[in-house]
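The values are calculated or read from the model by the stated rules, or taken from the named source; none is laboratory data. The structure presented is a predicted model; accordingly, all values stated were derived computationally and were not measured. Here the Cβ positions follow ideal geometry from the backbone for every residue, glycine too, while neighbour counts run over all protein chains shown. All accessible areas refer to the heavy atoms of the entire protein, side chains included, with ligands and DNA or RNA removed. Shrake-Rupley method; radii C 1.70, N 1.55, O 1.52, S 1.80 Å.
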2 protein chains.
Amino acid sequence: MECPGFQWAGVCAGIKNLKKKDLGLLVSDTPAAVAAVFTANRVKAAPVLLDMERVASGRCRAIVANSGNANCCTGDAGMAAALAMTKAVAEALGIDEALVLVASTGVIGAPMPTETITGAVPGLVKALRPDGLPDFSESILTTDRFAKSALRNVRLENGTTVTVCATAKGAGMIRPDMATMLCFVCTDLQADTDALSGMLSVAVDRSFNRITVDGDTSTNDTVFLMAGGASGAGLQTDADRQGFQQALDDVLTELARMMVTDGEGATKLVEVRVKGAKSDADARRVADTVANSSLVKTAFFGQDANWGRIMAAAGRAGVDLSPDAVDIFFDDVQMVKNGMGCGPEAERKASGVLKQPTICLGIDLNTGGTGAATVLTCDLSIEYVKINADYRT
Amino acid sequence: MECPGFQWAGVCAGIKNLKKKDLGLLVSDTPAAVAAVFTANRVKAAPVLLDMERVASGRCRAIVANSGNANCCTGDAGMAAALAMTKAVAEALGIDEALVLVASTGVIGAPMPTETITGAVPGLVKALRPDGLPDFSESILTTDRFAKSALRNVRLENGTTVTVCATAKGAGMIRPDMATMLCFVCTDLQADTDALSGMLSVAVDRSFNRITVDGDTSTNDTVFLMAGGASGAGLQTDADRQGFQQALDDVLTELARMMVTDGEGATKLVEVRVKGAKSDADARRVADTVANSSLVKTAFFGQDANWGRIMAAAGRAGVDLSPDAVDIFFDDVQMVKNGMGCGPEAERKASGVLKQPTICLGIDLNTGGTGAATVLTCDLSIEYVKINADYRT
C-alpha cells in the first residue's frame, strides 16, 4: 500500500518501555496541501493545540506521531515536548519546522519522555520508505488489536489515476461527535487547502462521526489529509470531485468500520439503521442513543434479542415517536411489529442472527417521515471492562 | 417501619416462576391525596399510562405492584392486564377501581400472566398488615441485591409528629433524567394534591434525578406519594413546610444512595461533586458526563486514579471551561492542580482512597463562577456486564 510522493516509517523509540514500535513519521516529498479535523473536546492535547496553529498555513511536509503517551494535561512542558519533536524532525529532514505537524496517543497526564523521542528521530528518518506504511501503522497503536489502513484509486476524467491512502488507530474513547482517533490520509492529487478541507469535513461526518465504541471522546483526536500532487492532476470536473469525494468517504468509512470491529473487548459489530423518522437529525439521535446504551450493548454481548432495551433507548432519545408504530429487525428477522414482540418463532430466528459477528439492527419509527441515519457500534463485553480497569497498570 | 393509616403486603404469585415474592400491595385506610412523577421515556409501560389518567383525580386508596414483568410494549393486552390487576384489588378490598393504581417492573415485551396475578390477589389482600412493608419491599425487587426503605419523622410546630415512610427498587436502567425506578412514599400528613405534587417534584429533582448507574432510563419509572392524613395535622407554617420538604428530600436521597450502592455489579459508590462552574446547569452537565463515562467508571472499578479520563469527560460535556484551571480531588487528596497531575506522591495517596467502597470525586472548574452540582454514580464492573448480558435467560 503506497501513495506516490509519500514515505513512511515506524520505529521503537522506547516510549512504551516495550519492544513495540511507538514512533512514526509520514513525509511528503513536496510541501503538501493539508487539511485537518480536530477533536471538539475542550481539553485538547499539546500536539492538537500546536497543529491547530500550524495547519492554518495550509502546507505541511511531515507528521510525526507517537503512541504510549497522549501528551495531554502536561502543561508548558507538554507544549515544549511537542515543539521539540517537530524541531528534531525538521532538522533531520532539513526542512522548515513550521511545516511539521505532530500527533500523540496514549495515557493522559504522564510527562513526555522528550529526549527518548528526539534521540530516536535520526533513526526514524533513515527508516523512511515509500512502502513503510505498515511500520507507521504499527507505531501508532495503543489498545488496538490490529493495524488499520485502506486505499482507493480514483480515475479522473482526463485519464489520470490518483490514490487515496490512509491509516488510523483507535479502539476506545470513541464516540461519534467529531473525528475520534488519529487518522493520516495522503493523496497524490493536486488540490488547494480549501477544497481539501471541505471534502475532509464531509467524509469525516459520513465515517468517523457515525461510530461509537464507548461514548467517550478523546482529547487527541485528529484526522490529517495531505495532498502532495505527485499525480500532476487536479479535480477539474464535477464528476472528478464526486469520484474523489467517494474515494475519500470509502477509505474513511472502511477505517471507521475497522475501528468498531476493533472496539475494546468487542465481539460483535452492530450497524444501527434507523429510518422512518421525522428528520435525519431525529433518526441520528435515536441511532446514537441505541448505539451508546450500555444495556443494549451488553445484550448484544450476551447474544440476547432483548428488544425491550432497544425500545427503551429509542424512547429516551428525546425524539417525537409513537411507540405503537415502531418496527425492529435483526438483519431480515422482524422482532417487533407496531411496538410489540413478534413471538417465540421470531425470537428463535433472531437468536441465530445474534450469533453472527456482524449484525444489522433495523429500527423503523414509521412516523410517516423519511429521516434516516446509520451508526456503527459494538457490544459491551467483560473484556472491555478488564481492558479499561487496568489500562494504566 | 410503619406509617399510621397504611398497610402493606407482599406475596409470591408465581410471576417469576421462582419461590420469590413478586406481587405487592399498599393500601391507605382512607382515600389518600396522591401525587406521582412518571418516567419521561416516550415508551411508557401500560401501568404508567393507566396511572397517568387515574392520578389526575388526586385521590388513591391502593397501589398494586409486581416484579418479573414490566408490562411494557404489550399493546392492548398489556392495558387489559393492568386494568384487570386494579379491578381484582378493588373487588377484594371493596373499593372503587378508579382509586387503585398499578406499577410493574421486570422484562419488557413479555405477555403478562394476568390470571396468575389476579388469582393471587385475595391472598395478597389477606396478608395486609401495618408492619408489612418488608414483604412489599421484597416483592418489587428485580436485580436488586437488597430491599430499600427509609423513614423520617417530622415534628410540626403544633407539636404533632408526622411520618414519611418509603420503599423503592432499582439497580439498573438508571439515569438522572427523571424519577428512575419505582418508589412508594406514604405519609400520615393531611395535605392537598397540589402541595404534594410540588414537594414531590422538588424532592425527586434533589434525589433520584441526581443518580446514575448506566445512563439508561426505564419505561416504567414512577414515584408515588400518598398522604393519608391519619396524623390529623397539616402544614400550617413555613417552618412546617420546610421541615416536611426536608424529611421528604432525606427519605428519597437515602433511597437514591441505596440504589447506586446497589447498582448492578457495583463495587463502589462515587459522589461526583463539581463546583466553580459558571452556573449550576454547567456544573450538572460536567457531573453527569463524568458520572456516565464508561471509561471513568471502569477506572474506578480498577481502583486506578486515571484522572486523564475525568479531564477528558469534563472536556466533552459541552460546557465552557479552561482545562488549565481545573483541580481534581479524590476525597481530600488533590490529584490535579491547574489541569496537571500532582505527581507520584498524590497518585500513591489517591490509590489508597480508591480502595474505599465510597469515594468523593471533587472537580473544581475554577471559572470564577459559583455553579455547583452533585451526582451519585457507581463503578462499571465485570459483574455489570455479566448481569446484563444474561438478564432474560
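Against the test of being within 9 Å of another protein chain (Cβ to nearest Cβ) and either closer than 20 Å to A:Thr74 by Cα or in a helix (DSSP H, G or I) (or both), the options B:Ala317, B:Ala312 yield a single qualifying residue, B:Ala312.
Consider A:Glu383 carefully, then state whether it is open to solvent by 50 Å² or more (accessible area, probe 1.4 Å) and facing chain B (nearest Cβ under 10 Å). Answer is yes for this residue. Within the range B:90-111, the set of residues being modelled with pLDDT of 95 or more, in contact with a Ser or Thr (Cβ under 7 Å, 6 or more places away or on another chain) and open to solvent by 30 Å² or more (accessible area, probe 1.4 Å) comprises B:Glu97, B:Ala98.
Scanning the range B:50-89 for residues that are touching a strand residue (DSSP E or B) at 6+ places or on another chain (Cβ under 9 Å), under 18 Å from A:Pro323 (Cα atoms) and surrounded by fewer than 24 Cβ atoms within 10 Å (Cβ to Cβ) yields B:Leu50, B:Met52, B:Gly75, B:Ala77. Taken over the range B:1-51, the criterion of being under 30 Å from A:Val290 (Cα atoms), of a type in the set (A, V, I, L, M, F, W, C) and more than 20 Å from the chain's Cα centre (by Cα) is satisfied by B:Ile15, B:Leu50.
Per-residue answers, yes or no, for (1) open to solvent by 40 Å² or more (accessible area, probe 1.4 Å); (2) among the hydroxyl-bearing types (Ser, Thr, Tyr); (3) free of Cβ contacts under 8 Å to residues at least 60 places away in the same chain:
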{"position": "A:Ser207", "(1), (2), (3)": "no, yes, yes"}
{"position": "A:Val272", "(1), (2), (3)": "no, no, no"}
{"position": "A:Lys275", "(1), (2), (3)": "yes, no, no"}
{"position": "A:Asp282", "(1), (2), (3)": "no, no, no"}
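A:Thr116 - would you say it is more than 20 Å from B:Ile310 (Cα to Cα), in contact (Cβ under 8 Å) with a residue 40 or more places away in the chain and in a helix (DSSP H, G or I)? Considered against the rule, which asks whether it is more than 20 Å from B:Ile310 (Cα to Cα), in contact (Cβ under 8 Å) with a residue 40 or more places away in the chain and in a helix (DSSP H, G or I), A:Thr116 comes out as yes. Scanning the range B:38-53 for residues that are of a type in the set (A, V, I, L, M) and modelled with pLDDT of 85 or more, we see that the one that is farthest from B:Leu99 (Cα to Cα) is B:Ala45.
List the residue pairs whose Cβ atoms are under 7 Å apart, where the first residue sits in the range B:23-47 and is more than 14 Å from chain A (Cβ to nearest Cβ), the second is part of a loop (DSSP other than H, G, I, E, B) and at pLDDT 95 or above, and the two are 6 or more positions apart or on different chains. Listed pairs, sorted by first residue: B:Leu23/B:Ala13; B:Leu25/B:Leu128; B:Val27/B:Leu128. Residue count for the range A:313-338 satisfying the condition of being in contact (Cβ under 8 Å) with a residue 24 or more places away in the chain, open to solvent by less than 30 Å² (accessible area, probe 1.4 Å) and within 21 Å of A:Phe300 (Cβ to Cβ): 9.
Somewhere in the range A:337-359, is a residue of a type in the set (Ser, Thr, Tyr), over 29 Å from the mean Cα position of the chain (by Cα) and more than 9 Å from chain B (Cβ to nearest Cβ)? Yes, some residue in the range A:337-359 is of a type in the set (Ser, Thr, Tyr), over 29 Å from the mean Cα position of the chain (by Cα) and more than 9 Å from chain B (Cβ to nearest Cβ). What are the residues in the range A:26-38 that are surrounded by fewer than 24 Cβ atoms within 10 Å (Cβ to Cβ) and closer than 21 Å to A:Phe208 by Cα, if any? The answer is A:Val37, A:Phe38.
Only a single item in (1) more than 17 Å from B:Thr86 (Cα to Cα); (2) in the same structural domain as B:Ala90 (by TED's automatic domain parsing) is not met by B:Leu49, and it is number (1). Entry remark, the range B:286-298: residues being touching a residue at least 60 places away in the same chain (Cβ under 8 Å) and either farther than 23 Å from B:Glu264 by Cα or more than 7 Å from chain A (Cβ to nearest Cβ) (or both) number 7 in total.
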